[in-house]
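The values are calculated or read from the model by the stated rules, or taken from the named source; none is laboratory data. This structure is a prediction, so every number in the text was calculated from the model and none was measured. Please note: Cβ atoms are built from the backbone with ideal geometry, for glycine as well, and neighbour counts cover all protein chains shown.
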Amino acid sequence: MEKSTQPWRKLLYTPQPYPDNYTDVSFLSQLKRNSTVKRYTFRKLISDFSLVSLHLNTLALTHIFFLGLYSYDTRIDVPLTVSTTISVVLLLFYNSSDNSSRVVIQDALKSSLVISFTIFTLSPVLKSLSESTSSDSIWSLSFGLVVANLITTDYHFNLKDKFNPIVSTNVLIAEATVLASRFNSDAKVFAFMLFCIQIHGIFPIFDTWLREFHVPIHHLMTLATGSIATFCIYKMMEFPWLLIWCILHSTILVFCPIYFILLQKYKNELQGPWDIAKPILNGTD
């Protein structure tokens, strides 16, 4: 068979003087491999995974505060004063800036004030909410709600998307309500619920704003919350819990980014001019 002078074209419904199993050298010339795949650096991955670590820190601080009020009769004023002061400082720092997300923070603060007043008036009711329920049932329900929060939390919450992580927040408020019902005083109920609203309702939005406009401060707050949570676990709990806590954070911040980078070599995304063939019928398209 003589070699055809007619160039081969990637057209299925056009007669060409080439056998059916013919493969032209230009067939894969426009093939691209992993051209749209995003490459990640170790530093960027640590920053991303630190959001999971930060959320675990806030959860740990919440339950450490509960444990202190429930088992160790910890003073109410110190943790509550610290959390309230941080919230006010962040608010003043935020108001000194100029960005389009201010309405989100103000709405969150207004809602928090209303909720705080409601909690203050309903503290006696919350205190007696689970009097007829055993503590084992409360601990099991609390654990289930924490797991549900970890699953539903949007760790990449962005203020510009105007998305309110209402599901995960409501799950945590429900869990805080369940735990608060085990206290024996209205003051403890109010203090614990207010602390939970500040650390899980206001702080995540502030931190998202800091992550968007003031990254160094965000990293500083992540380090601060982790240090405080680790110190509290060291002081109030046994060594095995501290060891588990350190291993958990090491896994999230070091081993998970390394494993993610190692997985990059298995990406095999192909791009090319694979347009759907359009047959020509009766001389028209």
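Per the conditions (1) modelled with pLDDT under 75; (2) part of a helix (DSSP H, G or I); (3) over 24 Å from residue 139 (Cα atoms), the sole criterion not satisfied by residue 26 is (2). When 147, 125, 88, 103 are screened for being part of a helix (DSSP H, G or I), farther than 23 Å from residue 57 by Cβ and modelled with pLDDT of 70 or more, only 125 passes.
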